[in-house]
């Protein structure tokens, strides 16, 4: 079979969002996608536990959201960054906070590594 | 007759949209980005395209992984501004041209590009950021649009060569359109960036510079890049760059470079190239 992604050359500190990841993260990503509806965002903000209870998420996945554990969601549980950002937005954490968490840095430490961090 | 008059390659970083909505174009850290588009905006006012075909990817603005099309083409009279999770942006909805869109869809499918035809399609930052960087919209957009969405987020993705061939097929469709229509095509996304894992924030300005050179002068070399090579050299999310090849595949030489810009303030190489057909 022809391929474009070489399984013998894993890229360090990188998840390629492929068949395995998208199946693994399906529930988390679907829950995140539901945050594109204003009513769902309002419900989550009003009562996070009720939102989680009404979802298809497993208990482990619910806990990852309660913990805002972006690194584990993206690295170990098939989260897709473009979807998971939608949960981040509702809880007040943007892409760069999520990124800093993935790097194991504080937000300030991460910003200090950028060329012009005013452009955020 | 339909004619493609120009092509633009541009990044579509969502934070640009936020800064734009907040009117921060003159802030020192944003100015190098926004200033880069000023000559392009002026040039587009001079060449007056009727239609903009925008090749972009949907990041969960409308499509989800329950059914995520490899290639999807808009055939709607209006494309509403989508809600990506942070509310509707203060931009006018985008006017479509259904007659042109259906011609494009017919031509593509009979040319063996089996696209998904979308009669309702909300557009999002991948589409909107390039539009408001290139066109004024007070009170309405000066062009009709055709969104062309490409799967560059859930592997397997189409190959770089396939994206190039899609551009060639778009060219044949536009050339065979019986009515007068001046068309500009935008290929969007990238440049170097990675948003997942501990490699978050990876940039490669040397790769981006080379890509900007080659998209103009040697695009066939870029069609040979595998997703693996792009992800290794420029970051996992940099594979979006294959959509620039759709733009370039739709152009026929000789070309004039109208403008080029590059700025990498945060986590993404923000590139721009504008090419005009002179033949």
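The values are calculated or read from the model by the stated rules, or taken from the named source; none is laboratory data. Keep in mind that this is a model prediction, so the values were computed, not measured. Every residue, glycine among them, receives a Cβ derived from its backbone with ideal geometry; neighbour counts consider all protein chains shown.
Restricting the search to region A:28-41, which residues are surrounded by fewer than 21 Cβ atoms within 10 Å (Cβ to Cβ) and under 12 Å from the mean Cα position of the chain (by Cα)?
A:30
Yes or no, residue by residue, for (1) under 28 Å from residue B:47 (Cα atoms); (2) without any contact (Cβ under 8 Å) to a residue 60 or more places away in the chain; (3) surrounded by fewer than 21 Cβ atoms within 10 Å (Cβ to Cβ):
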| residue | (1), (2), (3) |
| --- | --- |
| B:182 | yes, no, yes |
| B:188 | yes, no, no |
| B:195 | no, no, no |
| B:203 | no, no, no |
| B:209 | yes, yes, yes |
| B:214 | yes, yes, yes |
| B:228 | no, yes, yes |
| B:232 | no, yes, yes |
| B:247 | yes, no, no |
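Could you name every one of the helices (runs of 4 or more DSSP H) located completely within region A:61-120 that has at least 3 residues being within 9 Å of another protein chain (Cβ to nearest Cβ)?
A:70-76, A:81-90, A:95-103
Consider residue B:163 carefully, then state whether it is under 15 Å from the mean Cα position of the chain (by Cα), under 17 Å from residue B:111 (Cα atoms) and modelled with pLDDT of 95 or more.
yes
For the list (1) within 16 Å of the chain's Cα centre (by Cα); (2) buried (at least 24 other Cβ atoms within 10 Å of the Cβ), I need the number of the one condition that residue B:261 fails.
Going through (1) within 16 Å of the chain's Cα centre (by Cα); (2) buried (at least 24 other Cβ atoms within 10 Å of the Cβ) one by one, residue B:261 breaks only (2).
If I ask for residues that are within 14 Å of chain A (Cβ to nearest Cβ) and without any contact (Cβ under 8 Å) to a residue 24 or more places away in the chain, which ones from region B:249-279 would you list?
Across region B:249-279, there are no qualifying residues.
Identify the residue in region B:87-105 that is surrounded by fewer than 19 Cβ atoms within 10 Å (Cβ to Cβ) and without any contact (Cβ under 8 Å) to a residue 60 or more places away in the chain and, among all such residues, is farthest from residue B:1 (Cα to Cα).
Only one residue fits best here, namely B:87.
What are the residues in region A:37-60 that are within 14 Å of another protein chain (Cβ to nearest Cβ) and assigned to a loop (DSSP other than H, G, I, E, B), if any?
Within region A:37-60, A:37, A:56 qualify.
Can you pull out every residue in region A:4-22 that is within 9 Å of chain B (Cβ to nearest Cβ), more than 15 Å from the chain's Cα centre (by Cα) and either under 17 Å from residue A:82 (Cβ atoms) or assigned to a loop (DSSP other than H, G, I, E, B) (or both)?
Correct list: A:4, A:5, A:6, A:9, A:11, A:12, A:13, A:18.
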